[in-house]
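Q: This structure is in structure tokens; I'll ask about it shortly.
The values are calculated or read from the model by the stated rules, or taken from the named source; none is laboratory data. Note that the structure is predicted; figures quoted are calculated from it, not measured. Note that each Cβ is placed from the backbone with ideal geometry, even for glycine, and that neighbours are counted across all protein chains shown. Heads up: the accessible areas ignore ligands, DNA and RNA and are worked out on the full protein's heavy atoms, side chains in. Shrake-Rupley method; radii C 1.70, N 1.55, O 1.52, S 1.80 Å.
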Amino acid sequence: MAVDSAAPGSIFCKQLLFSLLVLELFCDACEKVSLHVPAHLQAQTLVGKVNLEECLRLPSLIQSSDPAFRILEDGSIYTTHDLLLSSERKSFSVLLSDSQTQEQKEIEIVLSAKEKKAPRKRHIKDSILKRSKRRWAPIPCSLMENSLGPFPQHVQQIQSDAAQNYTIFYSISGPGVDKEPFNLFYIEKDTGDIYCTRSIDREQYDQFLVYGYATTADGYAPDYPLPLLFKVEDDNDNAPYFENKLTVFSVPENCRSGTSVGQVTAIDNDEPGTLHTRLKFKILQQMPDHPKHFNIHPDTGVITTTTPLLDREKCDTYQLVMEVRDMGGQPFGLFTTGTVTISLEDENDNPPYFTETSYSTEVEENRIDVEVLRMKVQDQDLPNTPHSKAVYTILQGNENGNFKITTDPNTNEGVLCVVKPLNYELNHQIVLQVGVLNEAQFSKAANSQTPTMCTTTVTVKVKDNDEGPECQPPVKVIQSQDGLPVGQRLLGYKALDPDTRDGVGLRYRKLGDEDNWFEIDEQSGDLRTVKVLDRESKFVRNNQYNVSVVATDAVGRSCTGTLMVLLEDSNDHPPQIDKEVTICQHEKDYAVLEPVDPDGPDNGPPFQFLLDNSASKVWALEPQDGKSAILRPLKNMNYNYYSVPIQIQDRHGVSAKHVLSVRICDCTVPSECRMSVRDVKPSNVILGKWAILAMVLGSALLLCILFTCFCVTVKKTVKKCFPEDVAQQNLIVSNTEGPGEEVMEANIRIPTQTSNICDTTMSVGTLGGQGVKTQQSFEMVKGGYTLDSNKGGGHHTLESSKVAGQGVTDTGRYMYSDWHSFTQPRLGEESIRGHTLSKN
């Protein structure tokens, strides 16, 4: 099948060859890249990727010589529309350019087609038509954008070789036929002529991929579908335009020539890589137009300065009327104009200066924190910025610190104030030199020299006032002896009247005297001691004792001064030492003595340590450095307190005797020793807690015995000590049936009828087990016999006994039955009586 191309296709090929020839002349070739791709590429398909940095580092412009491909910044190659490679190899170039160095490079890209054979469907006519199908070889065809016709316009003709033997009908499909835009192309089915029905806008459709079909009358296709690529040839019908409608740049004033201001960019919708989109920039007009300060690169659109004379104070804004034109800037190219605004940034290139060369003012003496003068300055730099804000400095005349100058943030004026009172009697007039600078550092312009600080002179006149007394100096020092007795007179604080320069008519009184050492003479201000002065007092600091004094004139004006009494040290205190020391024998066998002398260094160490004769036999003193000594026992000592008399004297022989209480303890550090004075007996015998308890109980027993004897002696003698109802008087009424445990133990001696003596003894009970178990003994004397009853022992006996001191011998012995017959009736009566009382 053959394809006939129209004339526009040859024109397109000539323009393409011309463009490639121009690029070869202006570009340096880089390494060639070969890519293997399918024969049919759809739109927006990734073809491959190349390394652009190997050819040109940081290119500012990347273009493709073939509009069918677009190149991204990372080197990726994409198709812009559906593409059918008509030959086995296709090549195009990637154009790289650097706007800064004006360097251009070219990378050649070669595409190799890999054709895949599609499976062929068998037609029912194959048994009759034995010819094998062939692929058509189309020639690219181009259409002129915005063609004026006449329409329909012949585009191309397709023919099939099978038409020699069969009747062939032709048809087409694809974009422009049965897809958007519809009915743009049609074909005569008998001849294969393809026509275009209307003009085409390339910016909307840059190419059309249409498929042609050849079929017989019965529908058999002797050939494969033929892809037909109709490329729309660009017409320069779009003028370029600036990308930003409002472009504003800024640049510092006084910048160097060639400083980059900014870059303008423009867009042209015509076909990239052609003369229709080759843009040129130009400055048509500068406002204000004199002198010319700016230039623009025609290809990149970068605006630079041409002179270092940009001065914001003369003109702070410039406007440039720009033109961008395609067709490489040729006069017949399309163009658009725009406006670029350039603002100048302020620099501190103008120093401030005073509006007057000198100033004069006056102020009353003794006034403080009062404003005396305001000074104005002018600065041509931008207001309310560090480049124009003033900083004032007093250069001369303020050696005493009477003045301070600040900046008013609202008016930028210098405000001069008095911060320390002025004295008319000392100085009637003061001349100040004031300088001014900016907050920001001065920026030297290219055509100027560094300026000097602007200065001015301020004359301040001091006005005289009738003022109160002056206390000068504020602190007066007098010396006194340590230990000065009561009633001694010291020179006091003296104030002056600044007008008369004397102290006549002034009255003095104390304002501060911590320990009330002095009283003050109201007329003269002299001091008289009311206490003995003591340098070692807690109110003395660094040998100084301060007394505050107020001096008042006749009208009540006053001033305050301080009288510093400097006490000279005297050797009136002997060395002192802690009265108790501890020797921990587990750590060391000695104690360190460190005395302290309240007097000054001249009356203090080195110290001398002495022991008396008796102590030196047991203890030893070893002086160390004149400030301390070691006390060590000469033999092993028991854990106890020991008194050691010691004498310590200072360098001038002033001494004192001390009795140290030395504690020898079983410890490692003194804080672990728990022994105290109350734990130690003078006899050096330590009693335990059980011994102490035994002593207390013994004393209590002795008191009980004495009390019992006293009761016996004072008791009246009775005829019959054993009452008739002896059992009734000695039994305890109880309702319990069990054996009683709370029974008092008693020895009752019952005399005979002829005896007048009743002896009663008590024995101490014994503690044990659950409670107190008591043994009772009843002793009845009758004819020298004693009757014992042991309760709880499990038996009863009658024993013969002698009464001590009487020499009476028992001649008979009562049996238990005698005692039982005597007590049983009475016990029964008492039990009945107690039982009756308990029921009531």
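Q: Given the structure, is residue 106 within 15 Å of residue 273 (Cβ to Cβ) and of a type in the set (D, E, K, R)?
A: Against the criterion (within 15 Å of residue 273 (Cβ to Cβ) and of a type in the set (D, E, K, R)), residue 106 qualifies.
Q: Oh, and also: Can you find even one residue in segment 493-504 that is at pLDDT 85 or above, part of a loop (DSSP other than H, G, I, E, B) and either under 20 Å from residue 555 (Cβ atoms) or of a type in the set (A, V, I, L, M, F, W, C) (or both)?
A: no
Q: Can you run down the residue pairs with Cβ atoms below 7 Å, 6 or more apart or on separate chains, where the first is in segment 637-653 and farther than 30 Å from residue 601 by Cβ and the partner is part of a loop (DSSP other than H, G, I, E, B)?
A: If the second residue must be part of a loop (DSSP other than H, G, I, E, B), the pairs left are 639/666; 639/675; 640/680; 640/684; 641/680.
Rundown of residues vs (1) in a strand (DSSP E or B); (2) over 30 Å from residue 340 (Cβ atoms); (3) among the charged types (D, E, K, R); (4) out of contact with any Lys or Arg (no Cβ under 8 Å at 6 or more places or on another chain), yes/no style:
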{"residue": "204", "(1), (2), (3), (4)": "no, yes, no, yes"}
{"residue": "210", "(1), (2), (3), (4)": "yes, yes, no, yes"}
{"residue": "213", "(1), (2), (3), (4)": "yes, yes, no, yes"}
{"residue": "236", "(1), (2), (3), (4)": "no, no, no, yes"}
{"residue": "248", "(1), (2), (3), (4)": "yes, no, no, yes"}
{"residue": "251", "(1), (2), (3), (4)": "yes, no, no, yes"}
{"residue": "272", "(1), (2), (3), (4)": "no, no, no, yes"}
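Q: Related question: Going residue by residue through segment 301-312, is there one that turns out to be closer than 14 Å to residue 342 by Cβ, of a type in the set (Lys, Arg) and over 50 Å from the mean Cα position of the chain (by Cα)?
A: Among the residues of segment 301-312, not one is closer than 14 Å to residue 342 by Cβ, of a type in the set (Lys, Arg) and over 50 Å from the mean Cα position of the chain (by Cα), which makes the answer no.
Q: Among the residues of segment 172-186, how many are open to solvent by less than 50 Å² (accessible area, probe 1.4 Å) and closer than 17 Å to residue 157 by Cα?
A: The qualifying residues number 7.
Q: If I filter segment 98-115 for residues that are touching a Cys at 6+ places or on another chain (Cβ under 6 Å), touching a residue at least 12 places away in the same chain (Cβ under 8 Å) and open to solvent by 60 Å² or more (accessible area, probe 1.4 Å), do I get at least one hit? Outline the logic, then answer.
A: Within segment 98-115, the first condition is being touching a Cys at 6+ places or on another chain (Cβ under 6 Å), and the residues that meet it are 104-107.
Then keep just the ones that are touching a residue at least 12 places away in the same chain (Cβ under 8 Å); that gives 104-107.
Filter once more, so that each one left must be open to solvent by 60 Å² or more (accessible area, probe 1.4 Å): 104.
Among the residues of segment 98-115, at least one is touching a Cys at 6+ places or on another chain (Cβ under 6 Å), touching a residue at least 12 places away in the same chain (Cβ under 8 Å) and open to solvent by 60 Å² or more (accessible area, probe 1.4 Å), which makes the answer yes.
Q: Please go through segment 50-80 and pick out each residue that is exposed (fewer than 15 other Cβ atoms within 10 Å of the Cβ) and in contact with a Gly (Cβ under 7 Å, 6 or more places away or on another chain).
A: Hit for segment 50-80 is 51, nothing else.
Q: Let me ask something else about it. Among all residue pairs at least 6 apart or on different chains, which show Cβ distances below 7 Å where the first residue, located in segment 398-421, is without any contact (Cβ under 8 Å) to a residue 60 or more places away in the chain and within 16 Å of residue 459 (Cα to Cα) and the second is exposed (fewer than 15 other Cβ atoms within 10 Å of the Cβ) and of a type in the set (Ser, Thr, Tyr)?
A: Within 7 Å, the pairs are 415/406.
Q: Which of (1) in contact (Cβ under 8 Å) with a residue 60 or more places away in the chain; (2) of a type in the set (A, V, I, L, M); (3) open to solvent by 90 Å² or more (accessible area, probe 1.4 Å) does residue 660 not meet, given it meets every other one?
A: All conditions pass for residue 660, except number (3).
Q: Starting from segment 490-515, take each residue that is closer than 15 Å to residue 475 by Cβ and list its partners that are open to solvent by less than 20 Å² (accessible area, probe 1.4 Å) and hydroxyl-bearing (Ser, Thr, Tyr), counting only C-beta distances under 8 angstrom and pairs at least six apart or across chains.
A: Short answer, once both residue conditions are applied: 492/508; 493/508; 495/508.
Q: Let me ask something else about it. Please state which one of 370, 321 is free of Cβ contacts under 8 Å to residues at least 40 places away in the same chain, of a type in the set (A, V, I, L, M, F, W, C) and surrounded by fewer than 17 Cβ atoms within 10 Å (Cβ to Cβ).
A: Numbers: 370 fails: free of Cβ contacts under 8 Å to residues at least 40 places away in the same chain.
Within the list 370, 321, the selection yields 321.
Q: If I go through segment 516-557 residue by residue, how many of them are under 20 Å from residue 479 (Cβ atoms) and either outside any loop (DSSP other than H, G, I, E, B) or of a type in the set (A, V, I, L, M) (or both)?
A: Let us first name the residues in segment 516-557 that are under 20 Å from residue 479 (Cβ atoms), namely 517-521, 524-537, 539-549.
Now drop any that are not either outside any loop (DSSP other than H, G, I, E, B) or of a type in the set (A, V, I, L, M) (or both), which leaves 518-520, 527-530, 532-533, 540-541, 544-549.
So the count comes out to 17.
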